[in-house]
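Written out below as structure tokens is the structure these notes cover.
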Amino acid sequence: MTYAIGDIHGCYRALKKLISSIQPDEGDELIFLGDYIDRGPESKEVVEYLLDLKQHMKCVFLRGNHEDMLLEVLTKGRGMDLWLFNGASATIRSYGSLKGIPEDHMDFFLTTRLYYEKGDYLFVHGGVKPGVPLEKQKPFDMIWIREEFIYSENPMPGKIVVFGHTPFPEGPLVMKDKVGIDTGCVYGGKLTACCMETGKFTSVECGR
């Protein structure tokens, strides 16, 4: 089975509970849609858990805008104000300091992917620029876009786009051409996974 998992944002206990609920085995594939860090209290624990999970499960880690902001600061020395505005303080507290981020965690952030294709599905954090071929999509759009993508019709012809980034606290967004599974865990909502083969959603309360 293939499971897509929405934005975690430092909600470590919810992540553990969700993985326990779906009970994946070694033949399954877990596709994480980004935003592992910021806002929630346990970014370090989330990344540590995902690195461990990767050792015995097939995992795909997409890049969210929050990982992108971290990388802008730590690799290019710019964008700190934007990152702080978007919840960086929680991540800095979790690691103790920016210098406290272990090398394997930095490697994790650096190797996140902008998108992943599987069958009829395109997995991406934010969405896509409507009408633009995949190979010409801009990274900024793929991790930051919202309304222009969500309210478009058939933004990526031939694909159903599975995305996070935009919270839907009432439950996942399900349309013929897109599926949104960020259900606002860090805002008091739920953390959600979708089994792509069955269309079944599994959600757990944040637990903080």
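Scanning segment 1-49 for residues that are under 9 Å from the mean Cα position of the chain (by Cα), at positive phi and either at pLDDT below 95 or not small (Gly, Ala, Ser) (or both) yields HIS9, ASP35.
Within segment 22-45, the set of residues being farther than 18 Å from VAL186 by Cβ, outside any loop (DSSP other than H, G, I, E, B) and open to solvent by 10 Å² or more (accessible area, probe 1.4 Å) comprises just one member, ILE22. The set of residues from segment 64-97 being outside any loop (DSSP other than H, G, I, E, B) and polar (S, T, N, Q) comprises ASN65, THR75, SER89, THR91, SER94.
Residues that are without any contact (Cβ under 8 Å) to a residue 40 or more places away in the chain, among the aromatic types (Phe, Trp, Tyr) and closer than 24 Å to THR166 by Cα: does segment 104-112 have at least one? Looking for residues that are without any contact (Cβ under 8 Å) to a residue 40 or more places away in the chain, among the aromatic types (Phe, Trp, Tyr) and closer than 24 Å to THR166 by Cα, one finds none in segment 104-112, hence no.
Take segment 81-97 and flag every residue that is open to solvent by less than 70 Å² (accessible area, probe 1.4 Å) and closer than 16 Å to TYR36 by Cα.
Let us first name the residues in segment 81-97 that are open to solvent by less than 70 Å² (accessible area, probe 1.4 Å), namely 83, 86-92, 94-97.
Across segment 81-97, the qualifying residues are TRP83, ASN86, GLY87, ALA88, SER89, ALA90, THR91, ILE92, SER94, TYR95.
Taking segment 98-117 as the range and being open to solvent by less than 40 Å² (accessible area, probe 1.4 Å) and in a helix (DSSP H, G or I) as the test, the residues that pass are GLY100, HIS105, MET106, PHE108, PHE109. Based on what the data block shows, is ILE8 β-branched (Val, Ile, Thr), touching a residue at least 60 places away in the same chain (Cβ under 8 Å), touching a helix residue (DSSP H, G or I) at 6+ places or on another chain (Cβ under 8 Å) and part of a loop (DSSP other than H, G, I, E, B)? So ILE8 passes the test. In segment 140-153 there is no residue that is touching a His at 6+ places or on another chain (Cβ under 6 Å) and not in a helix (DSSP H, G or I). Annotation note: of GLY131, GLY171, GLY127, the sole residue that is within 14 Å of LEU62 (Cα to Cα), free of Cβ contacts under 8 Å to residues at least 60 places away in the same chain and part of a loop (DSSP other than H, G, I, E, B) is GLY127. Which of the residues spanning segment 174-202 are under 12 Å from ALA4 (Cα atoms), open to solvent by 20 Å² or more (accessible area, probe 1.4 Å) and in a strand (DSSP E or B)? Matches in segment 174-202: PHE201, THR202. Here's a check for you: in segment 46-76, which residue that is open to solvent by 70 Å² or more (accessible area, probe 1.4 Å) and not basic (Lys, Arg) is nearest to THR183 (Cα to Cα)? Top of the filtered list is GLU48.
With respect to CYS206, is the statement that it is open to solvent by less than 40 Å² (accessible area, probe 1.4 Å), at pLDDT 95 or above and either more than 26 Å from LEU74 (Cα to Cα) or acidic (Asp, Glu) (or both) true?
So CYS206 fails the test.
The values are calculated or read from the model by the stated rules, or taken from the named source; none is laboratory data. Bear in mind the structure is a predicted one, so any value in this text is a computation, not a measurement. With ideal geometry, Cβ positions are generated from the backbone for all residues, glycine too; neighbour counts draw on all protein chains shown. We work out accessible area using only protein heavy atoms, side chains counted, and drop any ligands, DNA or RNA first. Shrake-Rupley method; radii C 1.70, N 1.55, O 1.52, S 1.80 Å.
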